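Asker: Below you'll find the structure I mean.
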Amino acid sequence: MKSVLISGYYGFDNLGDEAVLLSIVNTLKNSDKDLQITVLSENPEVTEKRYGVKSVKRTGFFDVLKAVRTCDLLISGGGSLLQDVTSRASLFYYLAILFMGIVFRKKVMVYGQGIGPLTNKTDIKMVSFILKKVNLITLRDNSSQELLKSMGIENNIHVTADPVFCLKKPEQTGAKMLLESEGISDNFILVSVRNWYNNELFRVEMAKALDIIYQNTGTEIVFCPFHQSDIEECNAIADFMKCPKHILRRVYNPEDMLGIVSLCKMVIGMRLHSLIFGALVGCPVEGISYDPKIDGFLKDIGLMPVGNVRSVTAEQIADYAEGLWTKRDKAIKEIEDRTEKLRQKAAENGKLALSLIYGTEKPESGVLGVRVDNVTMKDAYSRVFNFVQDGGRHVVYTPNAEIIMLAHKDSGLKNILNSSDLNVPDGIGVVMAAKIYGYKIKERVAGVDLLNYICKSAPRYGHRIYFLGGKPGIAGKAAEEAVSKYGNIKFVGTHDGYFDNEEEKHIIEDINSGYVDFLFVGLGAPKQEIWIHEHTDIKAKVIMGVGGSFDVLAGTVKRAPATFQRLGLEWLYRLIKEPRRFKRMLNLPAFMITVLREKMISRK
């Protein structure tokens, strides 16, 4: 059983950080129910009860040392931990935890963080020294990446999104009951503020703005504290207001607060996670900046802060709110489109974390560091069928020996493959390699067979399909053959694999407007995997790389007889039929030699 230790600002009843922890724990547990998770917390008892994990006191030196020494992966998780504006002491603490992991030679990951601000030269040097030695860094915004680049840190960095975007939209029944208990209607604007250098001028301007907004909209103003210290600031602003207002009595847990936010008409927030919660539930958001992380997040969703807490005026806040209010439907549509992309990026955090644990360190779940899922054809189909039912965007890859060899030499491609939702074992070489590692794969699942399986069931469920790839005319021919063979499949469209940037835009527009359930991409490996990974703007529910499968479906390339397929000798049949493939076929013995060598190295 593998174990993960999570470090962060947990157990302090900071709603944003607790939401980050909830998301990390859920993401890891959903992927591996047997994973043992321990959290460093200020309040271990509460953390254990709330999240169903083990927890140790974050300041208990020997307990922390033991937890680091016995874990398989150390995660420095979420939030803005590595900054020196609010506290240099906290920066030293989080760096010390990371350093422990490095000293004990553990896998160490910075998980979905925002880095900075860093103002002290010594602090910058320390952060640079430590982060250059960690295994993997995922960041929630582009500005954090730019900061790390300026510090000379460029390797093993992935810009994803805040982990909180992985939280599911809540049921609203419980939230409505909470609002009723607070005496609040479901017609309200949610306001999140925090004390920033005891700025009395901001309090006056904010109060004036909220009075104007209430007068213009007739909508109740509700202050929502995201930290216990916010309650005092909410009261300080409310004292200057003339209109009716309400302050929530306490800091609610992440699930309850997410439900409350889902019922509001608009979020006006200083707290980063009030804005993230708003975006997550598809609510218009107005951000007031006090820290670069606010600017970075808003920029990533195509927005700008209304102003800085030090200088923003009541008129600016009220005018921005009025613009959101009058164009609310448009604002909701835009925020939903942007949020879906962030949700997909946020999911990569967990996948990359698991790839650190189960890459080359767990041969029974992967080959040469590439995750291979142990599924039968029926298992694989069941998974993709559930993906369609779940909605969202899911990616399926079909790694064979050739693709895995490429990924073995290219860590970027390896990370792409390991970020998928499903990797089916396509090829006898993959099955044989797994056996060498002592892991028996149930059966080979060829991509072309899974494609046919999906097409066969498509008429029954009304699934909508798009074929992209192959030489001109091949995708269209493959679609015709599929309809002829399986019945009335709803093809949204087809397009060959030869397109420029302008054509690509039209292809994506067709896919996104066609409510596609299955997008099959046949651009050849690794081009198709890279293309799928880069195009997070595609809204198809399942996107699958299928290589040359369209040629087979169209009948321009014949598959080996069933006997050759059963014996795992399809490669030999193709070599006999196409001797010119000889050099390419040498990849299989080279792959097996590499697997054997890596296996011997791992035993030493």
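Asker: Here is a check on your reading of the model: is residue 98 touching a residue at least 24 places away in the same chain (Cβ under 8 Å), in contact with a strand residue (DSSP E or B) (Cβ under 9 Å, 6 or more places away or on another chain), farther than 15 Å from residue 293 by Cβ and not in a strand (DSSP E or B)? Don't jump to the end; show me each part of the working.
Answerer: Numbers: touching a residue at least 24 places away in the same chain (Cβ under 8 Å): yes; in contact with a strand residue (DSSP E or B) (Cβ under 9 Å, 6 or more places away or on another chain): yes; farther than 15 Å from residue 293 by Cβ: yes; not in a strand (DSSP E or B): yes.
It is true that residue 98 is touching a residue at least 24 places away in the same chain (Cβ under 8 Å), in contact with a strand residue (DSSP E or B) (Cβ under 9 Å, 6 or more places away or on another chain), farther than 15 Å from residue 293 by Cβ and not in a strand (DSSP E or B).
Asker: Further question on the same structure: Looking for whichever is more than 17 Å from residue 264 (Cα to Cα), of a type in the set (A, V, I, L, M, F, W, C) and surrounded by fewer than 19 Cβ atoms within 10 Å (Cβ to Cβ) here; the options are 167, 201, 178. Which one fits? Let's see the steps before the verdict.
Answerer: Numbers: 167 fails: surrounded by fewer than 19 Cβ atoms within 10 Å (Cβ to Cβ); 178 fails: more than 17 Å from residue 264 (Cα to Cα).
The match here is 201.
Asker: While we're on this one: Which is buried (at least 18 other Cβ atoms within 10 Å of the Cβ), touching a Pro at 6+ places or on another chain (Cβ under 8 Å) and more than 20 Å from residue 381 (Cβ to Cβ), of 475, 434?
Answerer: Working: 475 fails: touching a Pro at 6+ places or on another chain (Cβ under 8 Å).
Selected residue: 434, the only one of 475, 434 that is buried (at least 18 other Cβ atoms within 10 Å of the Cβ), touching a Pro at 6+ places or on another chain (Cβ under 8 Å) and more than 20 Å from residue 381 (Cβ to Cβ).
Asker: Let me ask something additional. Which numbered condition in (1) surrounded by fewer than 23 Cβ atoms within 10 Å (Cβ to Cβ); (2) modelled with pLDDT under 95; (3) under 24 Å from residue 348 (Cβ atoms) is the only one that residue 53 fails?
Answerer: (2)
Asker: Taking interchain pairs and intrachain pairs at least six residues apart, which have beta carbon atoms under 6 angstrom, with the first residue in the range 316-343 and touching a residue at least 60 places away in the same chain (Cβ under 8 Å) and part of a helix (DSSP H, G or I) and the second charged (D, E, K, R) and surrounded by 14 or more Cβ atoms within 10 Å (Cβ to Cβ)?
Answerer: 321/286
Asker: Can you name the strands (runs of 3 or more DSSP E) wholly within the range 450-559 that have at least 2 residues being β-branched (Val, Ile, Thr) and either at pLDDT 95 or above or under 29 Å from the mean Cα position of the chain (by Cα) (or both)?
Answerer: Working: elements: 464-469, 490-495, 518-522, 542-545.
By residue number, 490-495, 542-545.
Asker: Do we have residue 494 as closer than 27 Å to residue 402 by Cβ, touching a residue at least 60 places away in the same chain (Cβ under 8 Å) and of a type in the set (Ser, Thr, Tyr) here? Walk me through it before giving the result.
Answerer: Working: closer than 27 Å to residue 402 by Cβ: yes; touching a residue at least 60 places away in the same chain (Cβ under 8 Å): no; of a type in the set (Ser, Thr, Tyr): yes.
It is false that residue 494 is closer than 27 Å to residue 402 by Cβ, touching a residue at least 60 places away in the same chain (Cβ under 8 Å) and of a type in the set (Ser, Thr, Tyr).
Asker: Keeping to the range 182-195, report how many residues are in contact with a Lys or Arg (Cβ under 8 Å, 6 or more places away or on another chain) and assigned to a loop (DSSP other than H, G, I, E, B).
Answerer: Of the residues in the range 182-195, 4 are in contact with a Lys or Arg (Cβ under 8 Å, 6 or more places away or on another chain) and assigned to a loop (DSSP other than H, G, I, E, B).
Asker: Within the range 215-224, can one find any residue that is of a type in the set (Val, Ile, Thr), assigned to a helix (DSSP H, G or I) and surrounded by fewer than 23 Cβ atoms within 10 Å (Cβ to Cβ)?
Answerer: Keep residues of the range 215-224 that are of a type in the set (Val, Ile, Thr), which gives 217, 219, 221-222.
Checking the rest, the ones that are also assigned to a helix (DSSP H, G or I) come to 217.
Retained after the next criterion (residues that are surrounded by fewer than 23 Cβ atoms within 10 Å (Cβ to Cβ)): 217.
Within the range 215-224, one or more residues are of a type in the set (Val, Ile, Thr), assigned to a helix (DSSP H, G or I) and surrounded by fewer than 23 Cβ atoms within 10 Å (Cβ to Cβ).
Asker: What is the number of the single condition among (1) within 17 Å of residue 253 (Cβ to Cβ); (2) polar (S, T, N, Q); (3) under 26 Å from the mean Cα position of the chain (by Cα); (4) surrounded by fewer than 22 Cβ atoms within 10 Å (Cβ to Cβ) that residue 41 does not meet?
Answerer: Among (1) within 17 Å of residue 253 (Cβ to Cβ); (2) polar (S, T, N, Q); (3) under 26 Å from the mean Cα position of the chain (by Cα); (4) surrounded by fewer than 22 Cβ atoms within 10 Å (Cβ to Cβ), the lone unmet condition for residue 41 is (4).
Asker: Which condition does residue 5 not pass, out of (1) in a helix (DSSP H, G or I); (2) in contact with a strand residue (DSSP E or B) (Cβ under 8 Å, 6 or more places away or on another chain); (3) aliphatic (A, V, I, L, M); (4) modelled with pLDDT of 95 or more, if it passes all the others?
Answerer: With respect to (1) in a helix (DSSP H, G or I); (2) in contact with a strand residue (DSSP E or B) (Cβ under 8 Å, 6 or more places away or on another chain); (3) aliphatic (A, V, I, L, M); (4) modelled with pLDDT of 95 or more, residue 5 is out only on (1).
Asker: Then there is this: Select from the range 407-457 the residues that are of a type in the set (Asp, Glu) and in contact with a strand residue (DSSP E or B) (Cβ under 8 Å, 6 or more places away or on another chain) and list them in ascending order. Step through it out loud before you land on a result.
Answerer: Within the range 407-457, the subset of a type in the set (Asp, Glu) is 410, 421, 426, 443, 449.
Within the range 407-457, just 421 meets the criteria.
Asker: Would you point out which residue out of 350, 412, 366 is small (Gly, Ala, Ser), surrounded by fewer than 22 Cβ atoms within 10 Å (Cβ to Cβ) and closer than 30 Å to residue 113 by Cα?
Answerer: Working: 350 fails: surrounded by fewer than 22 Cβ atoms within 10 Å (Cβ to Cβ); 366 fails: surrounded by fewer than 22 Cβ atoms within 10 Å (Cβ to Cβ).
Answer to the selection: 412.
The values are calculated or read from the model by the stated rules, or taken from the named source; none is laboratory data. All figures in this text were calculated on a predicted structure; none of them were measured in a lab. Virtual Cβ from ideal backbone geometry, glycine too; neighbours counted across all protein chains shown.
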